[in-house]
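Below is one structure, written out as structure tokens, with a few remarks after it.
The values are calculated or read from the model by the stated rules, or taken from the named source; none is laboratory data. Note that the structure is predicted; figures quoted are calculated from it, not measured. Neighbour counts are summed over all protein chains in view; Cβ atoms, including those assigned to glycine, are modelled from backbone coordinates with ideal geometry. When the accessible area is computed, the model is the full protein with side chains, heavy atoms only, and any ligands, DNA or RNA have been set aside. Shrake-Rupley method; radii C 1.70, N 1.55, O 1.52, S 1.80 Å.
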Amino acid sequence: MHMKKMMTFAAAVAAGLASVAQEKAESAELAWAPGDGISYGETQIVAFEAGAQLDSRYMTYGVIDGRDPILTPSVKATFCDWFYLSAEAIYDVTKTNGKRGGYGRRTGKRSTFDAIVGLAHEFELSEEFGKLSVDFNYIYEYFRRYHDDGRCMDDTQYLNLELGLSDGIFSIVEPTLAIERDIMADEGTYVNLNLGHDFPLIDGKNEGDDPVLVFRPSVGQGFGNTSRVRHYDFVKHGRELDHGGIMDTTVMGELTWNLGHGVSLTGYVAYSDYIFDSNMRAGARGHNAAWGHGCNHSWNFYGGVGVTFAF
């Protein structure tokens, strides 16, 4: 009787191990899912994204680089959830940006092209401190060649590091620190600290699904070194600013609608101003005023819409 029970127990264990082995074998197969890309078991092999965004103005560091709308298409390929290649370009929607920017009337034509290579991953820290996301990338930025009064816009290169915390004690306010270094044109450095939070407005149909509709308010504060400020021709009373410091403050509201199957729509409205430094504020006002009537102030309201396909 004892021997029979032992044999029955051994058979049960063997059956259980066989079931686990079968499940692992089934999971360790190539699979594809919309929005998740191609995976082998639980390991991502490659995922792709393509999208386009229409902005009401071309804004950089809280000042105007083009008073009329721009269109920015982009593509991205991520490998093994670590390494990625991406590219994006900026197209003028009207002739005004090129005309006032000194590079001609380029309606519907590309003004810049960015080739990007990077490493990005999310790390589980602990239940208390949540998750840390890290993104380090290199950008080569190509400008369409043009000549204006003997000047020619040159290409440039950037090194960027972005760190973000979420979940745990950071579940209410999710801080993101972005550091940008221009290593070719002017050795300018720009740092931005952003605080925001996602508020699901419509939950997904099933438990674990992404929310259908999400609203994210955020506030960001920029800092720039002297080279960054000088590159943007910040002038007060006819004299070039010779110091870095606190730059743009941006308040933004973003709405994301996940349509399913890797398709999402986004929209945002934003307000930017240089509120902490009177010299910077005067410099930003002068920079913006070069774009004509209605732009001679340091603050700006703007917005945009976009679509993303993940596959």
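Structure notes:
- Restricted to segment 32-74, and to residues there that are of a type in the set (V, I, T) and exposed (fewer than 14 other Cβ atoms within 10 Å of the Cβ), the residue that is nearest to N258 (Cα to Cα) is T43.
- Scanning segment 92-135 for residues that are among the basic types (K, R) and either under 21 Å from the mean Cα position of the chain (by Cα) or at pLDDT below 75 (or both) returns K99, R100, R105, R106, R110, K131.
- Among the candidates D233, D210, D242, residue that is in a loop (DSSP other than H, G, I, E, B), under 30 Å from A33 (Cα atoms), of a type in the set (D, E, K, R) and open to solvent by 40 Å² or more (accessible area, probe 1.4 Å): D210
- The residues in segment 75-86 that are assigned to a strand (DSSP E or B) and either basic (K, R) or surrounded by fewer than 16 Cβ atoms within 10 Å (Cβ to Cβ) (or both) can be counted, and the count is 6.
- Checking L161, L201, L165 one by one, the residue that is assigned to a strand (DSSP E or B) and within 21 Å of Y268 (Cβ to Cβ) is L201 and no other.
- Look at (1) acidic (D, E); (2) modelled with pLDDT of 90 or more; (3) part of a loop (DSSP other than H, G, I, E, B) and you find that D248 fails only one, number (3).
- Among (1) farther than 30 Å from N206 by Cβ; (2) in contact with a strand residue (DSSP E or B) (Cβ under 6 Å, 6 or more places away or on another chain); (3) surrounded by fewer than 16 Cβ atoms within 10 Å (Cβ to Cβ) - the single one G267 does not satisfy: (1)
- Filter pass, E187 being open to solvent by 80 Å² or more (accessible area, probe 1.4 Å), of a type outside the set (A, V, I, L, M, F, W, C) and under 16 Å from the mean Cα position of the chain (by Cα): no
- Considering residues of segment 44-84 that are acidic (D, E) and at pLDDT 95 or above only, the residue farthest from G245 (Cα to Cα): E49
- The set of residues in segment 191-207 being under 21 Å from V173 (Cβ atoms) and open to solvent by less than 60 Å² (accessible area, probe 1.4 Å) consists of V191, N192, N194, G196, H197.
- Any hit, segment 279-289, residues being under 16 Å from S56 (Cβ atoms) and either in contact (Cβ under 8 Å) with a residue 12 or more places away in the chain or not in a strand (DSSP E or B) (or both): yes
- Cβ-Cβ contacts under 6 Å between residues 6 or more apart (or on different chains), taken from a first residue in segment 42-53 that is closer than 13 Å to G306 by Cα to a second residue that is surrounded by 14 or more Cβ atoms within 10 Å (Cβ to Cβ) and of a type in the set (F, W, Y), are listed as A50/F309.
- Restricted to segment 156-186, and to residues there that are touching a residue at least 40 places away in the same chain (Cβ under 8 Å) and among the charged types (D, E, K, R), the residue that is farthest from E127 (Cα to Cα) is D186.
- Here W291 passes the criteria (1) modelled with pLDDT of 95 or more; (2) among the aromatic types (F, W, Y); (3) surrounded by 17 or more Cβ atoms within 10 Å (Cβ to Cβ) except the one numbered (1).
- The lone criterion from (1) open to solvent by 40 Å² or more (accessible area, probe 1.4 Å); (2) at pLDDT 95 or above; (3) of a type in the set (A, V, I, L, M) left unmet by A89 is number (1).
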